[in-house]
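Following: one structure in structure tokens, then a few remarks.
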Amino acid sequence: MRVTTLGGLGEIGRNMSVVEYDGRLVVVDCGVLFPEDHQPGIDVILPDFTSLRDRLGDIEAIVLTHGHEDHIGGVPYLLKERPDILVIGSELTLAFITAKLKEHRITPRTQHVEAGDTYHAGVFGLEFVAVNHSIPDGLAVAIRTPAGLVLNTGDFKMDQFPLDGRITDLRHFARLGEEGVDLFMVDSTNAEVPGFTTSERDLAPAIDHVFATAPRRIIVSSFASHVHRIQQVLDAAHQHGRKVAFVGRSMVRNMGIARDLGYLTIPHGLVVDAKKLESMPDQKVTLICTGSQGEPMAALGRMANGDHQISVGEGDTVLLASSLIPGNESAIYGIINKLTDRGANVVHKGNAKVHVSGHASAGELVYCYNILRPRNVLPIHGESKHLHANAQLAVSCGVPAERVIVGRDGMVVDLVDGVATIVGQVEAGLVYVDGETVGKATEDTLHERRLLREGGVITVLALVDPTTTTLAEPPEFLTRGFVHDDHTFDGASAEVTTALARAAEQGVTGIDALEQAISRAVSRFIQRRYRREPVVIAIVVES
Ligand SMILES: [Zn+2]
């Protein structure tokens, strides 16, 4: 049995692993990673499918543990490579992925499973275990082959009083532990956090306080998938006699799905169209929108920038009922400041208890290790520090250190006679989705974009006499985003002249080569004189 982890090791996102037995494959999750500030212009980042590309026909199924983007967001791109891969998941997960695939004009082959179910996908015996998380209907999956049993938790926590009463099924974990778990792939996101993750219900008092004291409108921002958090907001709004409207495409879509399937209970008449709220008194209004991670194009970001039909103003209360994903901090604080400048009172996890994590803390993980007593452990879902912290917990629970594998994306692990060993590495680079292109933007593209962002661009227009390779007239300098005055380029002309003379000496005549020589010369000049690094583009026109 072979396990290849294509994403989620060393990063929070693009979770994906592949289990192989007897030449057949089953994929668990296929998520996206969201770009950071140093990846300008990128929409999302995918796992690298290179190692699967020649083997698409060997895939029996893809199992989705839950409906979060970092677990399902890459599925449309995988199905574009082979549309008839069977997609297995719980009801809500399949509803979310089916809606997403519809936008990509893909109708998936699906298999609905529930906690406790078993399903045979070719040589793989799959068994599903209820887990709770910040989205309903999460499943851990046990994968059985004659070579052993792998248990992948997906994302989970052990909220003992979840809103839907669906607890992480530790009795099921215990049965698997009795049978013998050969490889335990376990969520590491909160492994550094001591103790236990508190219950979703603990947020009720803080949310209630917001509704009891807000003088005007309440604008709540959350993930479009956080059904339980939104349920709590709906309940509070109902109790305090407010009406609610959902704002933003993904929020409206997901909440419609969750309501239709019974995961969200909406009292009659509570939710109305956003248009209808305009004519209601402010103290009766609640808006629920996306953008809690500071995404500039999401509803809240546009409201903060005054670029949305809903204008936030004096006396409004904005409730950020969500986590702060590492890397998004400055974007979120920027939005909090802008909203505050507009006169809003912003309530967030930094000043009120309006968020609990969706992931198991160290205390819960320790319980899992002791219940399961796994032979080998592979911490997943986390940056290096989270993976190492989780590995430490496994060792503290008696798993031999040599049986705990802290890996990185692309790592290949073989399970032979109950012993897991790293045997290789496959390609697992970041695959950038940039508008309509996938994998076309490279590290070089991003480097150029950062240079453009930081230094601007200078275009050098040079009219060159092809017979002598000399300037026919002084070059022109055009700029964007580069600050200059009348004398900035004094001396640059001489550099261009010198570069052309040197090129002529070396017999270089091609236009491309001359352009390169000129842009290099001007770059060096700007760097030397002004300590700046703009992008320099030379255009040579033969006179
Ligand atoms: Zn999740």
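The values are calculated or read from the model by the stated rules, or taken from the named source; none is laboratory data. These figures come from a predicted structure and were not determined experimentally. Neighbour counts run over all protein chains shown; Cβ positions are idealised from the backbone, glycine included.
Only one residue in M297, M303 is modelled with pLDDT of 90 or more and over 25 Å from P136 (Cβ atoms). Which one? Give the steps one after another, and end with the answer.
Values: M297 fails: modelled with pLDDT of 90 or more.
Answer to the selection: M303.
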Scan segment 299-330 for residues that are touching a residue at least 40 places away in the same chain (Cβ under 8 Å), part of a helix (DSSP H, G or I) and either surrounded by fewer than 24 Cβ atoms within 10 Å (Cβ to Cβ) or acidic (D, E) (or both) and jot them down. S330
Residue among L86, L79, L151 that is closer than 27 Å to R53 by Cβ, buried (at least 21 other Cβ atoms within 10 Å of the Cβ) and away from the ligand (no atom under 13 Å from the Cβ): L79
Starting from residues that are modelled with pLDDT of 95 or more and away from the ligand (no atom under 16 Å from the Cβ), keep the ones in segment 354-364 and report whichever is nearest to H381 (Cα to Cα). A362
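In this structure, does V28 turn out to be over 12 Å from I85 (Cα atoms), among the aliphatic types (A, V, I, L, M), crowded, with 21+ Cβ neighbours inside 10 Å and within 16 Å of the ligand (Cβ to nearest atom)?
Values: over 12 Å from I85 (Cα atoms): yes; among the aliphatic types (A, V, I, L, M): yes; crowded, with 21+ Cβ neighbours inside 10 Å: yes; within 16 Å of the ligand (Cβ to nearest atom): yes.
In short, yes.
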Positions within segment 447-476 being outside any loop (DSSP other than H, G, I, E, B), without any contact (Cβ under 8 Å) to a residue 40 or more places away in the chain and out of contact with any helix residue (DSSP H, G or I) (no Cβ under 7 Å at 6 or more places or on another chain), in sequence order: H447, E476
Of these, V186, V193, V220, which one is surrounded by fewer than 20 Cβ atoms within 10 Å (Cβ to Cβ) and within 24 Å of the chain's Cα centre (by Cα)? V193
Please tell me if F161 is away from the ligand (no atom under 14 Å from the Cβ), farther than 30 Å from T421 by Cβ, among the aromatic types (F, W, Y) and in contact (Cβ under 8 Å) with a residue 12 or more places away in the chain. yes
Residues that are touching a strand residue (DSSP E or B) at 6+ places or on another chain (Cβ under 9 Å) and under 30 Å from L46 (Cβ atoms), drawn from segment 444-480: T445, L446, E448, L451, L452, G455, V457
Restricting to segment 333-384, and then to whatever is among the polar types (S, T, N, Q) and outside any helix (DSSP H, G or I), can you tell me which residue is surrounded by the most Cβ atoms within 10 Å (Cβ to Cβ)? N376
Within the bounds of segment 511-518, is there any residue that is in contact (Cβ under 8 Å) with a residue 24 or more places away in the chain, surrounded by fewer than 16 Cβ atoms within 10 Å (Cβ to Cβ) and among the hydrophobic types (A, V, I, L, M, F, W, C)? yes
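Here's the yes/no breakdown for (1) in contact with a Lys or Arg (Cβ under 7 Å, 6 or more places away or on another chain); (2) among the aliphatic types (A, V, I, L, M); (3) over 30 Å from N15 (Cα atoms):
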residue	(1), (2), (3)
R449	no, no, no
P474	no, no, yes
F482	no, no, yes
A492	no, yes, yes
G507	no, no, yes
Q516	no, no, yes
A538	no, yes, yes
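Looking only at segment 63-76, filter to residues that are in a loop (DSSP other than H, G, I, E, B) and farther than 18 Å from H104 by Cβ; which one of those is nearest to the ligand (Cβ to nearest atom)? Step through it out loud before you land on a result.
Just the residues of segment 63-76 that are in a loop (DSSP other than H, G, I, E, B), to begin with: 64-68, 73-74.
Then keep just the ones that are farther than 18 Å from H104 by Cβ; that gives 65-66.
Working: T65: 8, H66: 6 Å.
Of everything passing the filter in segment 63-76, H66 is nearest to the ligand (Cβ to nearest atom).
This table checks each residue for (1) in contact (Cβ under 8 Å) with a residue 40 or more places away in the chain; (2) surrounded by fewer than 23 Cβ atoms within 10 Å (Cβ to Cβ); (3) touching a helix residue (DSSP H, G or I) at 6+ places or on another chain (Cβ under 9 Å); (4) farther than 25 Å from D307 by Cα.
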{"site": "I230", "(1), (2), (3), (4)": "yes, no, yes, no"}
{"site": "A237", "(1), (2), (3), (4)": "yes, no, yes, yes"}
{"site": "H240", "(1), (2), (3), (4)": "no, yes, yes, yes"}
{"site": "V244", "(1), (2), (3), (4)": "yes, no, yes, no"}
{"site": "M251", "(1), (2), (3), (4)": "yes, no, yes, no"}
{"site": "N254", "(1), (2), (3), (4)": "yes, no, yes, no"}
{"site": "I257", "(1), (2), (3), (4)": "yes, yes, yes, yes"}
{"site": "G269", "(1), (2), (3), (4)": "no, yes, no, yes"}
{"site": "V272", "(1), (2), (3), (4)": "no, yes, no, no"}
Does H38 count as at negative phi and within 16 Å of the ligand (Cβ to nearest atom)? no
Yes or no: S51 modelled with pLDDT of 95 or more, part of a strand (DSSP E or B) and hydroxyl-bearing (S, T, Y)? no
Provide a single number: the residues in segment 96-143 that are away from the ligand (no atom under 16 Å from the Cβ) and in a helix (DSSP H, G or I). 5
For D341, only one of the following conditions fails: (1) modelled with pLDDT of 95 or more; (2) touching a strand residue (DSSP E or B) at 6+ places or on another chain (Cβ under 9 Å); (3) more than 16 Å from the ligand (Cβ to nearest atom); (4) not basic (K, R). What is its number? (2)
For segment 366-383, what are the residues that are closer than 24 Å to P136 by Cβ and either at pLDDT below 95 or within 16 Å of the ligand (Cβ to nearest atom) (or both)? I380, H381, G382
Looking at (1) surrounded by fewer than 18 Cβ atoms within 10 Å (Cβ to Cβ); (2) of a type in the set (S, T, Y); (3) under 27 Å from the mean Cα position of the chain (by Cα), which is the one condition that is false for S279? (3)
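Being part of a strand (DSSP E or B), surrounded by fewer than 21 Cβ atoms within 10 Å (Cβ to Cβ) and either within 16 Å of the ligand (Cβ to nearest atom) or of a type outside the set (S, T, N, Q) (or both): is that true of E60 here? Working first, answer last.
Details: part of a strand (DSSP E or B): yes; surrounded by fewer than 21 Cβ atoms within 10 Å (Cβ to Cβ): yes; either within 16 Å of the ligand (Cβ to nearest atom) or of a type outside the set (S, T, N, Q) (or both): yes.
Criteria met by E60.
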